[in-house]
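Heads up: the structure comes next, in structure tokens.
The values are calculated or read from the model by the stated rules, or taken from the named source; none is laboratory data. The structure presented is a predicted model; accordingly, all values stated were derived computationally and were not measured. With ideal geometry, Cβ positions are generated from the backbone for all residues, glycine too; neighbour counts draw on all protein chains shown. Calculation scope for accessible area: heavy atoms of the full protein, side chains included, ligands and nucleic acids excluded. Shrake-Rupley method; radii C 1.70, N 1.55, O 1.52, S 1.80 Å.
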Amino acid sequence: MIEDDYRPGSKSGPDTDRMIVISGCSGGGKSTLMAELAQRGYATFAEPGRQIVREQQLIGGTFVPWDDMAGFLEQCVIRAIHFHTLAQPNAGPVFFDRSMIDAVAAFETTKSPVPSCCYRAIDRCRYAPIVFLAPPWEELFLSDRERQHDFEAAAGEYERLAEAYPRHGYLPVILPKISVTERADFIEQELKRRRLWPAAI
């Protein structure tokens with residue numbers, strides 16, 4: 001018999017200081033930055049929402065933003081919990097493309113009440129005290145099959161996240177509009193400066 005050692009929300013204390021969220025504006029260069037960090041040897045987790053949309057499109061499901069926003073956002077929270085649980089920060093820094101806070105911030109703009117379990121997820125699955133935010137960058141923005149909204153909507157999303165992360169106890173650090181390699185360097189330098197895990201980089 002295989003023992004099930006899956007324990008959601010089990011990480012706390014120093015471990016969470018190595019769990020870094022990169023959030024911000026859709027189309028602001030987050031995915032490209034995550035790829036650069038992965039190339040540098042860091043563990044990374046992709047954006048939950050885009051994965052869920054692709055899966056729902058594969059099976060003809062309805063948990064997509066344009067059919068069932070509330071159902072889609074609940075799925076994003078669940079996926080973010082799963083990624084948080086799978087992460088192994090004891091082995092070094094782990095970077096996340098968005099977190100459950102992104103989903104809850106979007107949920108708060110809908111007509112549906114936010115389930116209390118979503119707020120409990122934010123309280124129980126913590127990350128490093130700073131979060132990097134990619135600001136709106138119109139020259140980079142592109143719509144596609146998974147991102148079916150315009151730049152104005154993406155900029156509004158950014159403003160909500162810039163307010164939501166501090167409300168849940170995180171300090172936003174705005175990513176400068178520079179090349180992807182310079183952005184990755186900026187993140188490494190910022191984390192070293194703040195001594196979140198000085199021996200790990």
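If you wrap a convex hull around the Cα atoms of the chain, how much volume per residue is inside, in Å³?
Once divided by residue count, the hull of the chain is 136 Å³.
Can you give the extra length, in nm with one decimal, that the chain gains between Asp123 and Ser12 once fully stretched, where that is 0.36 nm per residue apart less the Cα-Cα distance?
That works out to 38.9 nm of additional length.
How much of the DSSP bridge set in the chain is antiparallel, in percent, rounded to the nearest 5?
0
I want the local charge near Val173. Using Cβ-Cβ distances under 10 Å, sum +1 for each Lys or Arg and -1 for each Asp or Glu among the other residues.
Spelling it out: positives minus negatives among the neighbours equals 0.
Probe of 1.4 angstrom, ligands and nucleic acids ignored: what's the accessible area per residue over the chain, in square angstrom?
Ligands and nucleic acids excluded, the figure is 51 Å² per residue.
What is the calculated FRET efficiency for Gln57 to Leu86, with r their C-beta to C-beta distance and R₀ = 30 Å, to the nearest 0.05?
Efficiency for this residue pair is about 0.80.
Heavy atoms of the protein only, probe of 1.4 Å, neighbouring chains included. What is the accessible area of Arg7 in Å², nearest 10?
130
Between Arg194 and Ser116, what length comes free when the chain is fully extended (0.36 nm per residue of separation minus the Cα-Cα distance, one decimal in nm)?
The Arg194-Ser116 span can extend by a further 24.8 nm.
Only Lys, Arg, Asp and Glu count, each charged at its Cβ (+1, +1, -1, -1), so figure out the dipole size of the chain about its Cα centre, rounded to 20 debye.
About 620 debye.
Of the lysine pairs in the chain, how many meet both conditions: Cα atoms under 25 Å apart, and a spacing of 8 or more in sequence or different chains?
Final tally of qualifying lysine pairs is 5.
Quick check: at a probe of 1.4 Å, how many percent of the accessible area of the chain sits on carbon and sulfur atoms?
For the chain, the apolar C and S fraction of the accessible surface comes to 52 percent.
Is there a quick way to get the dipole size of the range 48-116? I mean about its Cα centre, with the Cβ of Lys and Arg at +1 and of Asp and Glu at -1; what is the value in debye to the nearest 20?
Computed about the Cα centre, the dipole is about 120 debye.
Tell me, what does the Kirkwood hydrodynamic radius of the range 13-108 come to in angstroms if you use every pair of distinct C-alpha atoms?
About 14.0 Å, per the Kirkwood formula over Cα pairs.
Which of the helices in the chain meet the span-like rule: DSSP H, Cα axial reach of 18 Å or more, Kyte-Doolittle mean at least 0.0?
Helices meeting the span and hydropathy rule in the chain are 69-86.
With the chain treated as a Gaussian network of Cα nodes joined by springs under 10 Å, which of Phe107, Phe186, Phe45 yields the largest mean-square fluctuation?
Its mean-square fluctuation being the largest, the pick is Phe186.
Once you keep just the Cα pairs under 8 angstrom separated by 6 or more residues, what percentage relative contact order results for the range 1-142?
Relative contact order, the range 1-142: 44 percent.
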